[in-house]
1. Tilt of helix 2-20 relative to the longest C-alpha principal axis of the chain, in degrees (0 to 90, nearest 10)?
2. Per residue of the chain, what 222 nm ellipticity follows from adding -39500 (n - 2.57) for every DSSP H run with n ≥ 4, rounded to the nearest 500?
3. How far is helix 34-46 tilted off the main Cα axis of the chain, in degrees rounded to 10, range 0 to 90?
4. Taking the chain as a Gaussian network, where each spring joins two C-alpha atoms under 10 Å apart, which residue of 43, 24, 62 fluctuates the most?
5. So for the chain, averaging the separation of alpha carbon pairs under 8 Å that are six or more residues apart and normalising by length, what relative contact order in percent results?
6. Need one number: convex hull volume per residue for the stretch 45-91, Cα atoms only, in Å³.
7. Rounded to the nearest 0.05, what FRET efficiency do residue 90 and residue 8 give with R0 = 30 Å and r taken as the Cβ-Cβ distance? Could you check?
8. Would you kindly work out the equivalent ellipsoid of the chain from its C-alpha gyration tensor and give its semi-axes, the square roots of five times the eigenvalues, largest first in whole Å?
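Read-outs throughout are calculated quantities, based only on the coordinates presented, and are distinct from any laboratory measurement. This one's a predicted model, so the numbers in the text were calculated from it and none came from an experiment. Quick reminder, even Gly has a Cβ in these numbers, built from the backbone with ideal geometry, and neighbours come from all protein chains shown.
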């Protein structure tokens, strides 16, 4: 019936909005010095759609808050020339 179709459509829209919601993406980046972490900061500051980020140089971790897909952020981080791997998404 019509009501079921409307509900199904609303659920699809809600799921799409949830997928675009900001999440914290965790990456491991081979950083050995402040120059390395500065390179990471430079590429992330230029990338549209990045809300915030945290660089943990000693832990070789980068946490990016964004609604962008993880693979798009990964490609951005690879522009530093460093070895980068995606760890996962935190809620």
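1. Its long axis makes an angle of about 10 degrees.
2. On the way: 3 runs with 41 residues, N = 91.
It comes out at -14500 deg cm²/dmol, rounded to the nearest 500.
3. Once rounded, the angle reads 30 degrees.
4. 43
5. Working: 125 pairs, mean separation 35.7, N = 91.
About 39 percent, as a whole number.
6. Numbers: hull volume 4.0 nm³, N = 47.
In the stretch 45-91, the Cα hull volume divided by residue count equals 86 Å³.
7. Numbers: r = 30 Å, r/R0 = 1.01.
The calculated FRET efficiency here is 0.50.
8. Numbers: eigenvalues 242, 25, 18 Å².
Each semi-axis is √(5λ); the values are 35, 11, 10 Å.
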